[in-house]
Amino acid sequence: MFKKNKHGIQVKTAEQLDSMRAAGLVVGRTLELLRSSVRPGITPLDLDAIAEEAIRAEGAIPSFKGYQGFPATICASVNDEVVHGIPGDRRKLREGDIISIDCGAILDGWHGDSAITVAVGEVEPRLTELMRVTEEAMWRGIAALKVGGYLSDIGHQVEKYVRSQGRYGIPPEYGGHGIGTQMHMDPWVANHGKPGRGPRFEAGMCFAIEPMVNLGTARTKVLADDWTVVTLDGKPSAHFEHSVAVTDGGPIVLTALDGGAFRLRELSGEAVGGDPAAAGNG
């Protein structure tokens, strides 16, 4: 049985959060493998093959492959590609590129979803900073997942941090989502907005938090493949994502190998996170 609150948001039990954590760890370990595999000369299709092998070796299923016709295990978005890039072998990664790798897996019916942006060799300082800002904005959004808080608190924290760091574009039409027995579930999670609005957080809710930040304009377009989203001005974009559970003990980052404890501790000044089963639903 799957409980939903009055807004239709799935609420997991402690045991179900354990299952979510197991799926999340498959994704987290796969992304760490992909991070270490990125180098000049490798192709996005090479990375896709590595990801599929790693996911299936853990008894899981790639959740992206075949999803609404998507042909691959990962989304691989290079430089000005924002999200949903289809891995191919026609372009080898080059020194100075950045690549965003989005990965999902299903384990025992539960979904994990996470993304990283990786530098290919040495990159320009402005790209290093773009990646830092985007990843930090994600963590600021994650830290907002506290019982009793509001859905819009996530986007508010993401936008507030990005705006404090310079003139970056936040594509308004793309954001995060609920996650659980499906990869994309209600509600949609904006990367912008005012705080204190929308459904209130309850222990057992899970969300994928995923800011996309552009070095230039926020405006984007979709290429002829009907998947790949690129920046309208051709400037680079970065993308980071984690799947996160709301618990009475604070947010637990299901796709982070340490549950997000280190970064959340830095942000809060105190220990947070822990074992989903121990945290329970209150």
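Values quoted throughout were computed directly from the atomic coordinates according to the rules given, and no laboratory measurement underlies them. Source: prediction; values computed, not measured. Positions of Cβ are generated from backbone atoms using ideal geometry, with glycine treated the same way; all protein chains shown enter the neighbour counts.
Need the C-alpha centroid separation for the stretch 187-206 versus the stretch 129-159, integer Å. The distance from the Cα centre of the stretch 187-206 to that of the stretch 129-159 comes to 11 Å. Ordered from longest to shortest, the equivalent ellipsoid semi-axes for the stretch 209-253 are 30, 13, 7 Å, each the square root of 5 times a Cα gyration tensor eigenvalue. Think of the chain as a dipole: +1 on every Lys or Arg Cβ, -1 on every Asp or Glu Cβ, centred on the Cα centre; then among L257, S237, P199, P199 lies furthest on the positive end. Calculated mean residue ellipticity, 222 nm, the chain: -9500 deg cm²/dmol, from DSSP H runs (n ≥ 4) at -39500 (n - 2.57) each, averaged per residue and rounded to 500. Working note: Cα atoms of the stretch 91-187, range along each principal axis, descending, whole Å: 41, 35, 22. Net charge dipole, the chain: roughly 740 debye, given to the nearest 20, about the Cα centre with Cβ charges of +1 for Lys and Arg and -1 for Asp and Glu.
Pulled fully out, how much extra length does the chain show between S164 and K65, if you take 0.36 nm times their separation in residues and subtract their Cα-Cα distance?
Using 0.36 nm per residue and subtracting the Cα-Cα distance, I get 31.9 nm.
For the stretch 132-282, taking Cα atoms only, Rg and Dmax work out to 15.4, 48 Å respectively. Arranged from fewest to most other beta-carbon atoms within 10 Å of their beta carbon, C75, C103 become C75, C103. Dividing the convex hull volume of the alpha-carbon atoms in the stretch 1-145 by its residue count gives 129 Å³ per residue.
In terms of distances greater than 32 angstrom between alpha carbons, the cross-link table entries K12/K92; K12/K194; K12/K160; K65/K235; K194/K221; K12/K221 yield K12/K92; K12/K221.
Here the calculated FRET efficiency for D225 and H7, from their Cβ-Cβ distance with R0 = 45 Å, stands at 0.85, rounded to the nearest 0.05. Label-to-label distance for R56 and D108 is 2.3 nm, based on points extended 7 Å past Cα in the beta-carbon direction.
Rg over Rh for the chain works out to 0.95, using Cα positions for both radii and the Kirkwood form for Rh.
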